[in-house]
Amino acid sequence: MRTGDRDAHGMSRERLMRGNDVEHPFWGVSSAGLDLATIEGLSLAFRPLMRPNDAISHTSAALLFGAPLPQAEPPLLPLHVTSIGTRAHRGPNLVGHEWNESLQLDVIRGIRVVAPADMWCQLSTMLSREDFVAVGDFLVSGVPAEGRNVRTVPCCNIAELRDAVRRHGRRAGARKLAWAIERVRVGVDSRPETILRLLLVAAGLPEPLVNDPVRVADGKSYKPDLKHKLWRTLYEYEGLLHLRSPKQWRFDTWRYQQFEAVGWKVIRVNADHLFVDPVGFLRFVYATLHRRAHELGVAPPSSGPRWLVSA
């Protein structure tokens, strides 16, 4: 609530200023009963200051939609708020943005936000190209909810992203927008999968298929993260879930055995491969694909870009 409205809420000045359950996240706002350690709580705390043309935006909106940002625990503050056609908000714990063009808005869990496609465009100046694509992949793919084949409804579709790129095309970040929109894919499960796919392509390899089913001996089909069909090679990213869930680890180990039993090579990928020594990992991939090409009697991959060969 606005601090000045304490009488309407039946709160004394003493409790407002000294109560252990009252917090003051923004100028002129007092909050009680909200979890300000969450982006939802912070956004709801700001709501008394929201004007008709204000909306939570940028990384704050991305967090509300559940989009994958680079940090394991992205900072919740400052809160990003976009004001359309009016002056931006100012104050501690806030970053205000002024917007004088059309912008699509949405409501999520009672909070007015910039709509997913426009929010994605706003992130073009804040994220690396790869992480920017990862957020786009998330928005159009939905999230695996109870298993690899069960997804929530996507936040938007690629056509909506393209329309937003057209409308944002003359703003800062336009080059990144044009680069990223051609690389967003449907069906991606996680940020590391996006990073891996872009890394393989940047190293001169053909773009792998995303979550393309492989039929195994018992007639069932499983979806590997990525697939190079020519070399019958699959890429499986193993994150923290595999360490925390013995059940998931056992299931994936069984899948790998099933894949290999019908002639597929599985390359298991972890965070070090992507973020610590990608060059060493790519050299391993190239060596593996050359062996596969020889075994299968098919064309090998190219020798790779100069930066990989000479590194």
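Candidates 233, 157, 179 compared by Cα position along the dipole of region 124-265: farthest toward the positive end lies 179, with charges placed on Cβ. If a/c stays under 1.5 just call it rounded; otherwise compare a/b with b/c (prolate if a/b is bigger, oblate if not). Do that for the chain, with a ≥ b ≥ c from the square roots of the Cα gyration tensor eigenvalues. Prolate. Taking the C-alpha atoms only, the angle from helix 278-296 to the longest principal axis of the chain is near 40 degrees. For region 119-186, relative contact order (Cα pairs under 8 Å, six or more residues apart, normalised by length) works out to 40 percent. Model label points for residue 102 and residue 245, set 7 angstrom from Cα along the Cα-to-Cβ axis, are 4.1 nm apart.
In µm²/s, what is D for region 234-283 at 20 °C and 1.002 mPa s, where D = kT/(6 pi eta Rh) by Stokes-Einstein and Rh is the Kirkwood radius from Cα pairs? The diffusion coefficient I find is 181 µm²/s. Out of the DSSP beta bridges found with both residues in the chain, what percent are antiparallel (nearest 5)? Roughly 60 percent of the beta bridges in the chain run antiparallel, per DSSP.
Cβ crowding within 10 Å ranks 40, 101 as 101, 40, fewest other Cβ atoms first. Stretching the chain fully between residue 88 and residue 296 yields a gain of 68.7 nm (0.36 nm per residue, less the alpha carbon separation).
Principal-axis analysis of the Cα atoms of the chain puts helix 246-261 at an angle of about 30° to the longest axis.
Taken along the Cα-to-beta-carbon direction at a fixed 7 Å, the label points for residue 309 and residue 276 span 2.9 nm. For region 119-186, dividing the convex hull volume of the Cα atoms by the residue count gives 78 Å³ per residue.
Taking a virtual spin label 7 Å from the Cα of residue 174 along the C-beta vector, which residues in region 98-116 bring their backbone nitrogen under 20 Å of it? Hits in region 98-116 for residue 174 at 20 Å: 98-104.
Any read-out appearing in this document is the output of simple, stated calculations on the displayed coordinates, not a laboratory observation. Everything numeric here is computed off the predicted structure, so don't read it as measured data. Note that we place each Cβ from the backbone using ideal geometry, even for glycine, and neighbour counts take in every protein chain shown.
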